[in-house]
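The values are calculated or read from the model by the stated rules, or taken from the named source; none is laboratory data. On a predicted model such as this, the values are computed, not experimentally measured, just so you know. With ideal geometry, Cβ positions are generated from the backbone for all residues, glycine too; neighbour counts draw on all protein chains shown. Heads up: the accessible areas ignore ligands, DNA and RNA and are worked out on the full protein's heavy atoms, side chains in. Shrake-Rupley method; radii C 1.70, N 1.55, O 1.52, S 1.80 Å.
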Amino acid sequence: MDYTKIIDALNLSTGRLFAFCIVVVLASSLVLFGPDQVLGPLGVKEVGSKYEPFPGLSLVLSGVGTLVTGLIYLGSMVRSKIGRFLLVKNGLRGLQNLTPGERVILRRYIYSQSRTQWLRLDNGVARELVSERIIYQSSSEGHILNGFPHNIRPWAWDYLSAHPHLVAGD
């Protein structure tokens, strides 16, 4: 049996799977450990004793599912934070070693106090700044002659605004 097809059909993201597991943990815990005053009116008083292995098994499996999905979510958050940190760290190093052509493009952002410039796609210097993740093409709508809008990344904007000598003319 191919379980990946079942998971794809359910389209469970990590967050949805985590929430589902939490609900099953709570429901199973209530059935197994809930007081009779609560279970009686719900009509599940006999379920815990009559079908004891099933709520227990669902509690264990959903508990493991909650733990695993929680760790996956935590891992993705940590990976995202580390990725952002490395992007800024490497980007700041790149801003210390700008070529004259890169300075010209970045200078126009800082001196004109504009976060957007229209740059042509055949501009190799602009492509290099995009590949270094200092600027990015902000829209796919543009003009072959006039160029496409490129925005400076917020961390680069903040750093160059505080250190305009890095893009000063030669």
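Volume per residue of the convex hull around the Cα atoms, evaluated for the chain, comes out as 216 Å³. Note on residue 76/residue 112: beta-carbon distance plugged into 1/(1 + (r/R0)^6) with R0 of 30 Å gives a FRET efficiency of 0.20. With the convex hull of the Cα atoms taken as the outline of the range 36-118, the averaged projected area works out to 11.6 nm².
Under the rule of -39500 (n - 2.57) per DSSP H run of 4 or more residues, summed and divided by the residues of the chain, what mean residue ellipticity at 222 nm is obtained, to the nearest 500 deg cm²/dmol? Write down the numbers at each step before the final one.
On the way: 8 runs with 114 residues, N = 170.
The helix-only estimate for the chain comes to -21500 deg cm²/dmol at 222 nm.
Nearest 20 debye, what's the magnitude of the dipole of the range 88-138 about its Cα centre given +1 on Lys and Arg Cβ and -1 on Asp and Glu Cβ? Present the calculation step by step, with values, prior to reporting the outcome.
Details: 9 positive and 4 negative charges, 33 e Å.
Approximately 160 debye in magnitude.
Give the Kirkwood hydrodynamic radius (Å, one decimal) of the range 85-170, defined as one over the mean of 1/r across all pairs of different Cα atoms.
About 12.9 Å, per the Kirkwood formula over Cα pairs.
In the context of the full set of protein chains, the chain has a per residue accessible area of 67 Å² (1.4 Å probe).
Would you mind calculating the relative contact order of the chain from Cα pairs under 8 angstrom and at least 6 residues apart, reporting the percent as a whole number?
Over the chain, the number comes to 18 percent.
At an R0 of 25 angstrom, the distance between the Cβ atoms of residue 137 and residue 13 translates into a FRET efficiency of 0.30.
Shown for the chain: the carbon plus sulfur share of the solvent-accessible area, taken with all protein chains present and a 1.4 angstrom probe, equals 64%. Note on surface exposure: 52, 102 rank 52, 102 by accessible area, highest first, 1.4 Å probe. For the range 114-154, a Kirkwood radius taken over Cα pairs fed into Stokes-Einstein (4 °C, viscosity 1.567 mPa s) yields D = 130 µm²/s.
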